[in-house]
Structures are given as C-alpha cells and as structure tokens.
Amino acid sequence: MNTYKYDQEKPRLDLVPPAIIESVGIICDYGAKKYEENSWKKVEPKRYKAAMMRHLVEYLRDENSVDEESGYPHLWHLACNVAFLCEFMEVRK
C-alpha cells in the first residue's frame with residue numbers, strides 16, 4: 001500500500017476563507033431564484049465586468065453598503081462577479 005499522497009501541485013482549497021465561498025453561494029442562489037439556475041453562464045463577460053465595477057465603486061464609497069435590489073452587500077456581488085469572470089477565463093484556456 002502506498003502511504004504517499006502526491007498533492008503538492010494541487011490548489012490548497014482548504015486555505016480559502018469560507019466567507020467568500022458562502023458569499024458567492026448566497027449571491028448565486030439569489031440569481032438562480034431571480035432568473036434560473038446557472039443562467040450566469042449565458043451572459044457576456046463584459047456585462048460582469050461592468051457590474052463588478054459598479055459594485056466596487058459602491059463598496060469603495062461605503063464598505064458596509066448593500067445592493068438596493070437584493071439587500072446583500074456590494075462586496076458579495078463584487079466577489080460573485082469576479083468568480084464568474086475567473087470561470088470564463090478558465091474555460092477559455
């Protein structure tokens with residue numbers, strides 16, 4: 001039996017703060033209820049760039065600000081937009 005685990009080159013997902021995972025999950029759930037599940041995949045990346053910038057500006061103005069429509073923090077929406085853009089980037093590789 002091999003007692004070695006060769007995972008040196010794998011990402012350390014255990015180091016990702018749970019708050020970002022939960023925040024993105026909450027915003028994705030909100031979007032799934034508002035539109036449909038995984039509908040974000042059908043939207044052009046440039047729309048997420050624009051939304052990311054809007055949420056960033058609101059967050060920079062007030063770190064505790066919340067999105068008027070969803071009631072969730074702009075920072076969470078920002079994180080979700082970044083996650084979508086990262087996924088689009090990964091798919092293009």
Review point. Which numbered condition trips up Lys49, out of (1) outside any helix (DSSP H, G or I); (2) of a type outside the set (Gly, Ala, Ser); (3) open to solvent by 100 Å² or more (accessible area, probe 1.4 Å)?
Key: (1)
Study note, to complete from the structure: Note: among Glu63, Glu36, Glu44, just one is touching a Leu at 6+ places or on another chain (Cβ under 8 Å), more than 14 Å from Cys80 (Cα to Cα) and open to solvent by 50 Å² or more (accessible area, probe 1.4 Å), namely Glu63
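The values are calculated or read from the model by the stated rules, or taken from the named source; none is laboratory data. Remember, it's a predicted structure, so these values are computed and weren't measured experimentally. Reconstructed Cβ throughout: ideal geometry from the backbone, glycine too, with neighbour counts over all protein chains shown. Protein only, heavy atoms only, side chains kept; ligands, DNA and RNA dropped before computing areas. Shrake-Rupley method; radii C 1.70, N 1.55, O 1.52, S 1.80 Å.
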